Amino acid sequence: MKGIYAVYRKEMGHYFVSPVAYIIVAVFLILTAYFFNRLMVLIIQESFQASIEEAQFGGGQAFDVPSLVMRNFFGVLSTLLLFLTPMLTMSVYAEERRRGTMELLMTSPVTDLEIVLGKFFASLTLLVIMLLPTAIGFAYMLRHAEPTAPWRVLGSEYLGVLLLGAALLALGSFFSSVTESQLIAAMLSFGAILLLWVLDFGSQAGSSVWASSLEYLSVFRHYDDFTRGVIDTSNVIFYLSFIFLGVFLTIRSVDSMRWRRA
Amino acid sequence: MIEVKDLTKRFAEQTAVDHVSFVVNKGEILGFLGPNGAGKTTTMRILTGFLPATSGSAQVAGFDVFNDSLEVRKRIGYLPENPPLYLDMTVTAYLEFVARIKNVPAEKRAALVEDALAKTNIVDKRHELIKRLSRGYKQRVGLAQALVHDPEIIILDEPTAGLDPKQIIEVRHLIKGLAGSHTIILSTHILPEVSMTCDRVVIINRGRIAAIDTPANLTTQLKGGQNVRLEVGADQNAVCAAIRELPGVRKVSGEPAGGNGRVVVTVEASPGQDVRSQIASKVVGKGWPLYELRGVSLSLEEIFLELTTEDSASPN
Ligand SMILES: Nc1ncnc2c1ncn2[C@@H]1O[C@H](COP(=O)(O)OP(=O)(O)OP(=O)(O)O)[C@@H](O)[C@H]1O
Ligand SMILES: [Mg+2]
């Protein structure tokens, strides 16, 4: 436990002295602010349109602006994570291997599990720090919108984005642990995430067992329910197993450094 | 304290460590001496649990380095060949981090970090970022890192690499001062370093142990014959010729001793022969004034070269 904390602290310190983390967070915030703004404008315009039509022809449904903004926004967010998480994780192990500091960690009285978890929690913390400012925007919107959307929906969306983000971070960490080059680590995780994304595309056409299992593996598919405010346990379990697998593989990979160095 | 038995490490293309066995007693300083690629770093990496051995066993403080790696890691301080530094950290922050992962309790951490800073002479650099330090200072931070948790066993891979002469002397003093309460293994290419700091020396070449002994014993015993140096007030050729006649003398060479009519003669005796008294009586018998006569033992450097060249000359 102490080992996890020691590694965690070091990683956080590293994030906050390196310009890379600040740049990633800044880019993320600028992009999210832009999307938030655009979505608001577009959806409010649509709702005006709808209410005009409603007045002319009668009937129609009330336009739920906050829910629509949130849903679309979280859809965009998943795409942003696809690009940003490989950058957060690329250096986690690759850089330590290149600099030889892995030799310090691996000859210290910390287990591989503690090293991997400490690093994983640190990257997760950075993700939370990235997401926090967006939560302020939504909290403001929900307080002032009329009609407003239930807070539960917002909660489910954040849970979804956290689970998805954590899964991508676990995957990226694994790829960082197999190489000494940050660039290769970033390329590998980016490629893998893209692959997991397009698995979804191909599967929509077919309906065989093969197609549906591919569809099951798509990390983004399990995310949709969360954006609609639905917390389905099977989706939660999917992400937790994905994270668990990523962490497990990373531990194996760190452990195998002792062997592979041969 | 450290017991290594038949340790072997094979990499894909070669055997880096080949059936190496040695023991380091508590409080002792053991020097690892060998040319590039001898297998020093590999042996140390196995002892610290960074690499697994192919075969053989190694015990540190009674624990097997492979099966009880964690117990071993709790008890060692290790300076790898390349100091494992986080360049973005300040010196103090780095040492605090190392103390933390070495399980130093919070209340002792600050004091131990101060200690390590003082011992390695980097107090005035404590707030600098490590990336701004010169090579020698980085090496010292690496050394401080190996000492910060006051480990029982200290393993130092070329601790004086990159240091200036004054620092080299200070680090040697530091290492000598740590002996007794700590058990130390260090590796080096610098021969005087071994004779100055180590209680015992392992000479290793191409993964094999060529010799293990105290520096003094290595210098006197390993090489059978003893060299003698004498200064005589007589003609060079006459002296050389007279000594050459003596039994047990292998080689004689002379040179003038700086314009005072004396000559300095170096005599190499056959292995196991002490020819000093015969030489003395011969010289005195001839009526030549004898100013100096002493046995010269081989320097460690010569032994090192001898052992390692012999070894690589023999086919294997
Ligand atoms: N990871 C590795 N993969 C393959 N071979 C290796 C590896 N590490 C070391 N070797 C080989 O093992 C041998 C011993 O290397 P080692 O680093 O232990 O030597 P050394 O005595 O520390 O040398 P130096 O004085 O140059 O530091 C060398 O021939 C080296 O090429
Ligand atoms: Mg070496």
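Explain nothing, just compute: Karplus ³J(HN,Hα) = 6.51 cos²θ - 1.76 cosθ + 1.60, θ = phi - 60°, for every residue of region B:195-200 in order, whole Hz, x for Gly and Pro.
5, 7, 9, 9, 7, 9
Dipole magnitude of the protein assembly as shown about its Cα centre, charges +1 at Lys/Arg Cβ and -1 at Asp/Glu Cβ only, in debye to the nearest 20?
1200 debye
Suppose every K and R has +1 on its Cβ and every D and E has -1 on its Cβ; what is the size of the dipole of chain A about the Cα centre, in Debye to the nearest 20?
Roughly 980 debye for chain A.
Non-local amide H neighbours of B:V17 (under 5 Å, H modeled in plane, Pro and chain starts lacking H): which ones?
Result for B:V17 returns B:K9.
Taking beta carbons within 10 Å but only from partner chains, what does the mean come to for residues B:66-76?
2
With springs connecting C-alpha atoms under 10 Å apart, model chain B as a Gaussian network and identify which of B:L33, B:L290, B:L70 has the largest mean-square fluctuation.
B:L290
When a/c is below 1.5 the answer is rounded, else prolate if a/b is larger than b/c, else oblate, so apply that to region B:103-190 with a ≥ b ≥ c taken from the square roots of the Cα gyration tensor eigenvalues.
Oblate, because a/c is 1.5 or more while a/b does not exceed b/c.
Once both axes come from the Cα atoms, what is the angle between helix B:276-285 and the longest principal axis of chain B, in degrees from 0 to 90, rounded to 10?
Long axis of B:276-285 versus the principal axis of chain B: about 30 degrees.
Please list, in order, the residues from region A:125-140 whose amide nitrogen is less than 12 Å from a point placed 7 Å along the Cα→Cβ vector of A:F16.
Residues passing the 12 Å test: A:126.
Taking the Cα centroid of region B:138-173 and of region B:13-29, what is the distance between the two, rounded to the nearest whole Å?
Region B:138-173 and region B:13-29 have Cα centres spaced 21 Å from each other.
Just how large is the dipole of region B:223-300 about the Cα centre, in debye to the nearest 20, putting +1 at every Lys and Arg Cβ and -1 at every Asp and Glu Cβ?
Value, rounded to 20: 140 debye.
Using a 10 Å cut-off on Cβ to Cβ distances, tally the other chain neighbours for every residue of B:154-164 and report the average as a whole number.
Mean shielding by partner chains, rounded to a whole number: 0.
Of A:V110, B:Q14, B:N205, which is farthest along the charge dipole of the protein assembly as shown in the positive direction, counting Lys and Arg as +1 and Asp and Glu as -1 at C-beta?
Highest projection toward the positive end goes to B:N205.
Within region A:26-50, find all residues whose amide N lies under 15 Å from a label point positioned 7 Å from the Cα of A:L132 along Cα-to-beta-carbon.
Counting only backbone N, you get A:26, A:29.
Which residue fluctuates the most in chain A, going by a Gaussian network model with Cα springs under 10 Å, if the choices are A:T85, A:T148, A:T32?
Result for chain A, Cα springs under 10 Å: A:T148 fluctuates most.
What does a probe at A:F57 reach in region A:28-51, counting residues whose amide N is under 18 Å from the point 7 Å along Cα→Cβ?
Correct set: A:46-51.
Taking the beta-carbon count within 10 Å as an exposure proxy, list A:E157, A:E180 from fewest neighbours to most.
Taking fewest neighbouring Cβ atoms as first place, the list is A:E180, A:E157.
Explain nothing, just compute: Karplus ³J(HN,Hα) = 6.51 cos²θ - 1.76 cosθ + 1.60, θ = phi - 60°, for every residue of region A:214-219 in order, whole Hz, x for Gly and Pro.
Each residue's phi maps through the Karplus curve to give 4, 5, 5, 6, 5, 5 Hz.
Would you mind ranking B:R276, B:R229 by Cβ crowding within 10 Å, fewest neighbours first?
B:R229, B:R276
Using only Cα atoms, find the angle between the long axis of helix B:91-101 and the longest principal axis of chain B, and express it within 0 to 90 degrees, rounded to the nearest 10.
70 degrees
Report, in deg cm²/dmol and to the nearest 500, the calculated mean residue ellipticity at 222 nm for chain B, where each DSSP H run with n ≥ 4 adds -39500 (n - 2.57) and the sum is divided by the residue count.
Helix-only estimate at 222 nm: -10000 deg cm²/dmol.
Nearest 10 degrees, 0 to 90: what angle lies between the long axis of helix A:182-203 and the longest principal axis of chain A (Cα atoms)?
The angle comes out near 40 degrees.
Taking chain A as a Gaussian network, where each spring joins two C-alpha atoms under 10 Å apart, which residue of A:F175, A:F57, A:F220 fluctuates the most?
Among A:F175, A:F57, A:F220, the largest mean-square fluctuation in the Gaussian network model of chain A belongs to A:F57.
Would you compute, from DSSP H runs of 4+ residues alone, the mean residue ellipticity of chain A at 222 nm, taking -39500 (n - 2.57) per run and dividing by the full residue count, rounded to the nearest 500?
One gets -29000 deg cm²/dmol as the mean residue ellipticity at 222 nm.
Counting partner chain Cβ atoms within 10 Å of every residue's Cβ in B:80-90, what's the average?
Going residue by residue through B:80-90 and averaging, the value is 5.
Ranked by Cβ crowding within 10 angstrom, fewest neighbours first, how are B:S69, A:S177 ordered?
Least to most surrounded, the residues fall as B:S69, A:S177.
Could you compute the FRET efficiency for A:K2 and A:D64, with r as their C-beta to C-beta distance and R0 at 45 Å, rounded to 0.05?
0.40
Read-outs throughout are calculated quantities, based only on the coordinates presented, and are distinct from any laboratory measurement. Just so we're clear, the structure is a prediction, and the values are computed from it rather than from any experiment. Positions of Cβ are backbone-derived with ideal geometry, glycine not excepted, and every protein chain shown enters the neighbour counts.
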